[in-house]
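The values are calculated or read from the model by the stated rules, or taken from the named source; none is laboratory data. Being a predicted model, the structure only gives us computed values, none of them experimental. Neighbour counts are summed over all protein chains in view; Cβ atoms, including those assigned to glycine, are modelled from backbone coordinates with ideal geometry.
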Amino acid sequence: MLRPWAAHWVAVVLLCGAVAQYSSDQCSWRGSGLSHESHRRDVEQVYLRCSQGSLEWLYPTGAIIVNLRPNTEPSSGHMAGFHVCIKPYTYSQGSHLYLERAGDLTLLLAEEDHAQGTVHCFSLAEGALFVEAVPHTDISRRITAFQYELVPSQGPGAHMYPYLHPGLVTCKPCSDEEVLMAVCTSDFAGSGSFRDVASGTNGRSPVVLSRLFRQKNRIFAWSGARGRRWSGRINVPAQCGVHPRGDEYLLTGSVHFGEAWLGCAPRYKDFLKLYTRAERAGTNPCQIDTD
């Protein structure tokens, strides 16, 4: 159903079209509502074609439509196979976020909810992201800002994406092939132990790593002054059977919105046996320094 105020915005889009863009790349966009402050009903079109990025809208006025697409040339049917997850920064304010499809707007995130920093996901088939500025007499300190991730709904690892399928994310034992591939392709890989395992549905557990093969976004910090170790925190689903202290694990996983999530995590001594066998057979997908 087309709401009256939604119909107005659609008419504005048709009349105004796209105005000046401020994107510096295909992943992130930064712009200012001051560019059309005298035309507070302007609607700006923003196009992002990346697996992840961010949006920052300073002094929001009017509205913007954020068109998120994978960095491919998908068919319309293929678009239904993608989800978008967004996480507002806790300082974000000044706008309501809607899903827009055929002129119908569905509220996704109200202005007062941004400060919670909660992740919200939706299918690309549900429409584009419509960001509407909330009228304020003083917009000088208002910034709407969020991160996004574009997620395939199907395919390898899709069922492990924590924000789409929170109830299905478990630490099932990985096969030998999955472990060897995980140490080569995961967002982070290393060996270490848990100092503690946080309780709850998903707890960010502190870890200490004696080896770090790779990491993304510097999620682990070097603490050489305290015994030459890397330290950080990993989100561990409640179903995972990891134990604090004592056991050393191969730690692999993914990074989402700057946080690490545990994936394949066999005991390190078991991984070493597996890796040595594969190395002798020449079936390792990559080489790592296990010393």
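For the range 147-163, residues that are within 16 Å of ALA260 (Cβ to Cβ) and either modelled with pLDDT under 75 or in a strand (DSSP E or B) (or both) total 4. Restricted to the range 70-111, and to residues there that are under 23 Å from GLY258 (Cβ atoms), modelled with pLDDT under 90 and touching a Leu at 6+ places or on another chain (Cβ under 7 Å), the residue that is surrounded by the most Cβ atoms within 10 Å (Cβ to Cβ) is PHE82. Per the conditions (1) more than 16 Å from the chain's Cα centre (by Cα); (2) at pLDDT below 85, the sole criterion not satisfied by PRO166 is (1).
Screening the range 197-214 for residues that are more than 19 Å from PRO266 (Cβ to Cβ) and surrounded by 12 or more Cβ atoms within 10 Å (Cβ to Cβ) and picking the one that is modelled with the highest pLDDT gives PRO206. Do we find that ARG30 is of a type outside the set (S, T, N, Q) and at pLDDT 60 or above in this structure? It is true that ARG30 is of a type outside the set (S, T, N, Q) and at pLDDT 60 or above. Sort out which residues of the range 268-287 are within 30 Å of the chain's Cα centre (by Cα) and either exposed (fewer than 14 other Cβ atoms within 10 Å of the Cβ) or of a type in the set (Ser, Thr, Tyr) (or both), and write them in order of number. Listed by number, the residues that qualify are TYR268, PRO285, CYS286, GLN287.
Residue pairs whose Cβ atoms lie under 6 Å apart, separated by 6 or more positions or on different chains, with the first residue in the range 274-291 and within 14 Å of LEU250 (Cα to Cα) and assigned to a helix (DSSP H, G or I) and the second at pLDDT 90 or above and not small (Gly, Ala, Ser), are LEU274/ASP176. Among what's in the range 33-50 and is surrounded by 14 or more Cβ atoms within 10 Å (Cβ to Cβ) and in a loop (DSSP other than H, G, I, E, B), pick the residue that is modelled with the lowest pLDDT. If we take residues in the range 33-50 being surrounded by 14 or more Cβ atoms within 10 Å (Cβ to Cβ) and in a loop (DSSP other than H, G, I, E, B), then ARG41 is modelled with the lowest pLDDT. Here SER223 fits the description: at negative phi, touching a Lys or Arg at 6+ places or on another chain (Cβ under 9 Å) and at pLDDT below 85.
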